[in-house]
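Nothing in this text is a laboratory measurement; each read-out follows from the coordinates by a stated rule. None of these values were measured; they are calculated from a predicted model. In this analysis, Cβ positions are derived from the backbone assuming ideal geometry, glycine residues included, and neighbour counts consider all displayed protein chains.
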Amino acid sequence: MTMAPTKYLHIDRVCKSFTNGSKVTEVLSDIRLTIDKGEFVSIIGHSGCGKSTLLNLIAGLTDVTTGALKLEGREVNAPGPERAVVFQNHSLLPWLSVYDNVKLAVTKVFSSTKSRAERHDWIMQNLDLVQMTHAADKRPGEISGGMRQRVGIARALSMEPKVLLLDEPFGALDALTRAHLQDAVMDIHARLGNTMIMITHDVDEAVLLADRIVMMTNGPAATIGEVLDVAIPRPRDRIALASHPDYVRARESVLRFLYERHRFVEAAE
Amino acid sequence: MSVVALKKTAPPAKQATAEVLPLPVTARSGQWLRKSVSGFGAAVLPPLVVLFVLLAIWQIAFSGPNAGLPTPTKVWAESSELILDPFFVYGSQDIGLGWRVLTSLERVAYGFGLAAVAGVLMGALIGQSALMMRGFDPIFQVLRTVPPLAWLPISLAAFMDSRPSAIFVIFITAIWPIIINTAAGVRAIPQDYRNVAAVLRLNQIEFFWKIMVPSAAPYIFSGLRIGVGLSWLAIVAAEMLTGGVGIGFFIWDAWNSSRLTDIIVALIYIGVTGFVLDRLVGWIGSVVSRGTAT
């Protein structure tokens, strides 16, 4: 209890099972994790291990079965803008322009606290943060996949979230675009100091971005297998890091976890 | 008609070939003109030819002395005034078919307008809940097959007045495809959009206007398009009981005074109007749901 102030986001013995008729499938079992304010946490694991389910639990899009999830001491049981999500497939509304997509979020969150002009400035400021002001009037169908993901990040940031949740946001992008966006996220994290939780299956991405890497065991009934501190000082530069001993060591231990101790067995059942 | 038009255009073409030759610019514009003319011809000529052939078959088939139906030439001879002047007014009951169509369209506008609003709202409600869908869908599937004429006695008994019952018949005929399509469109809203709405904490009304309507717009408009077609189909049934000056009642009236040629002209009016209505709703749909089509 004396540690209370540092428990910004507290995941306490959370289990999640899905019921389909009489069949109960336990997806996550006994997840315990505490995340500090301003921390960048990567969650890595093989596909199907329930890492997206864990993110949905934090977002409030799915309810926990047992256990508790608290943000600043308050229980999370519904989705809300203070836990904004950057979705895997951008989830921009195709009938709205880039500007209007961000505006939808800003109008909803700041309608009572910001004037119309302030809201406009805030939208443009967030688009500027991801370098997308030039495409403000374009529709999502008219810009590239990387740009759409940038707008998704701008929309999430514009809600001024306490925790920014990123659900494999760069999974569908090519390597070069992904590197650009990783740099953009690092830059934003450095400037705003947001608490960020990112789901990924890319070991390099996890090590490059995170303060801590949470490694998940394989499902069903997946849990946290190991947590690795990445003590590499920021700002981090991907080229200098490539041969950095700490980086190489961190990368190696994640790889060991994923491919030696918790090797992915397809069609386990 | 078409023979006359051809004769008229033939002589000037001879003059043109003599003068235009040396100028490349006019040659290009001539080419463009020829292209657009041939494009126009490709679109208009086939239906004209088919129409002409059908009219010819009709003419031959009913030329006998004991034929039950009038031939096209007889229709023209007896009812050409109805075709040539759609907007004459000789008395409160004796007006051109254009006016009658407009009167009927007003009735359809009420019935269809109500059906559109109620249908979209009902469809949204049912599409949102799997339980409601399971409960209502079989009933709708049965009711939608009831022909407009069958609703007539029921609506007369319920409203005890011809005007609201006529509008109700149009309403009840048009509403089913609107409900069913809207519900399907709402069910097809991607989970991603629902997640976005949940994170933003959009309330029901905001969700309806900002996510549901634009996302389901293509479905809604295909429902509206079928609905407007059906409501126009119901106009004859509806006006058989209202009387007055509508195009539907005109047919009923013409039948009672055995003016068969007038009925044929009225059918053409109804067909063309229905075609225009269908294209109009389709066009509005493509304009409104631009962007979501991708």
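Using the rule -39500 (n - 2.57) for each DSSP H run of four or more residues, divided by the residues of chain A, the 222 nm mean residue ellipticity is -10500 deg cm²/dmol.
About the centre of its Cα atoms, the range A:77-131 shows a dipole size close to 160 debye [charges on the beta carbon of Lys, Arg (+1) and Asp, Glu (-1) only; nearest 20 debye]. Under 18 Å from a label point set 7 Å out along the Cα-to-Cβ vector of A:Glu72, the amide N atoms of the range A:179-205 belong to A:192-197. For the peptide A:84-93, the mean number of other protein chain Cβ atoms found within 10 angstrom of a residue's Cβ is 4.
Note on chain B: the C-alpha convex hull projects to 23.9 nm² when averaged across all orientations. Over the C-alpha atoms of the protein assembly as shown, the Rg to Rh ratio, Rh being the Kirkwood estimate, stands at 1.15. Radius of gyration (Cα atoms) of the range A:136-228, expressed as a multiple of 2.2 N^0.38 Å: 1.18.
Of the cross-linked pairs A:Lys138/B:Lys210; A:Lys114/A:Lys162; A:Lys16/A:Lys108; A:Lys16/B:Lys210; A:Lys114/B:Lys210, those separated by over 24 Å at the C-alpha level are A:Lys16/A:Lys108; A:Lys16/B:Lys210. If I take all pairs of Cα atoms in the range B:34-168, what percentage of them are more than 21 Å from each other? Distances greater than 21 Å cover 71 percent of the Cα pairs. Per-residue ellipticity at 222 nm from helix content only, as computed over chain B with -39500 (n - 2.57) for each DSSP H run of at least four residues, stands at -27000 deg cm²/dmol. For the range A:135-142, 3J(HN,Hα) computed residue by residue from phi via the Karplus equation (6.51, -1.76, 1.60; θ = phi - 60°) reads 10, 3, 8, 7, 8, x, x, 9 Hz, glycine and proline entered as x.
Among B:Leu267, B:Leu125, sorting on how many other beta-carbon atoms sit within 10 Å of each Cβ, with the fewest leading, yields B:Leu267, B:Leu125.
Centroid-to-centroid, using Cα positions, the range B:149-174 and the range A:2-74 are 58 Å apart. FRET efficiency for the B:Trp99 to B:Leu131 pair, using the beta carbon distance and R₀ = 45 Å, is estimated at 0.35.
Using R0 = 22 Å, the C-beta based FRET efficiency linking B:Ala77 and B:Leu45 works out to 0.20. With viscosity 0.692 mPa s and temperature 37 °C, the Kirkwood radius over alpha carbon pairs of the range A:1-138 converts through Stokes-Einstein to a diffusion coefficient of 187 µm²/s. Shown is the FRET efficiency for B:Phe275 and A:Arg116, computed with R0 = 51 Å from the Cβ-Cβ distance and rounded to the nearest 0.05: 0.65. Between the residues A:Met186, A:Ser158, A:Ile199, the greatest Cα displacement towards the positive end of the dipole of the range A:157-207, with unit charges on the Cβ of Lys, Arg, Asp and Glu, is found for A:Ser158.
Beta bridges from DSSP with both residues in chain A: antiparallel share about 50 percent, rounded to the nearest 5.
The slack in the chain from A:Leu176 to A:Ala221, taken as 0.36 nm per residue of separation less the alpha-carbon distance, amounts to 12.7 nm. Amide H to amide H, with H built 1.01 Å from N, A:Leu166 comes under 5 Å of A:Val86, A:Ile197, A:Met198, A:Ile199, counting only residues 5 or more places away or on other chains.
Loop-located trypsin sites (Lys or Arg not before Pro) across the range B:91-188 with a Cβ neighbour count of 14 or fewer within 10 Å are lacking, with loop assigned by DSSP. How much of the DSSP beta bridge set in the protein assembly as shown is antiparallel, as a percent to the nearest 5? Bridges in the protein assembly as shown that DSSP calls antiparallel: roughly 55 percent. If you take the alpha carbon atoms of the range B:181-272 and fit the smallest convex hull around them, that volume is 114 Å³ per residue.
Using Cβ point charges alone (K and R +1, D and E -1), the dipole size of chain A about the Cα centre works out to roughly 460 debye.
Springs join every pair of Cα atoms under 10 Å in this Gaussian network model of chain B, and among B:Asp192, B:Asp137, B:Asp262 the largest mean-square fluctuation is at B:Asp192.
Which value, in debye to the nearest 20, describes the size of the charge dipole of the protein assembly as shown about its Cα centre when Lys and Arg Cβ atoms bear +1, Asp and Glu Cβ atoms bear -1, and nothing else is charged? Provide the component values of the computation, followed by the final result.
On the way: 52 positive and 47 negative charges, 119 e Å.
That gives the protein assembly as shown a dipole magnitude of about 560 debye.
All alpha carbon pair distances within chain A were sorted into 5 Å bins beginning at 0; the resulting P(r) in whole percents reads 1, 6, 12, 16, 18, 17, 14, 10, 5, 2, 0, 0. Which residue fluctuates the most in chain A, going by a Gaussian network model with Cα springs under 10 Å, if the choices are A:Ala117, A:Ala184, A:Ala156? Maximum fluctuation in the GNM of chain A, among the listed residues, is at A:Ala117. For chain B, a Gaussian network of Cα nodes joined below 10 Å ranks B:Pro138, B:Pro214, B:Pro86 by mean-square fluctuation, and the top entry is B:Pro138.
Above 16 angstrom, tally the Cα pairs of the range B:190-229 and express them as a % of all pairs, no decimals. The proportion of pairs with Cα distances above 16 Å equals 41 percent.
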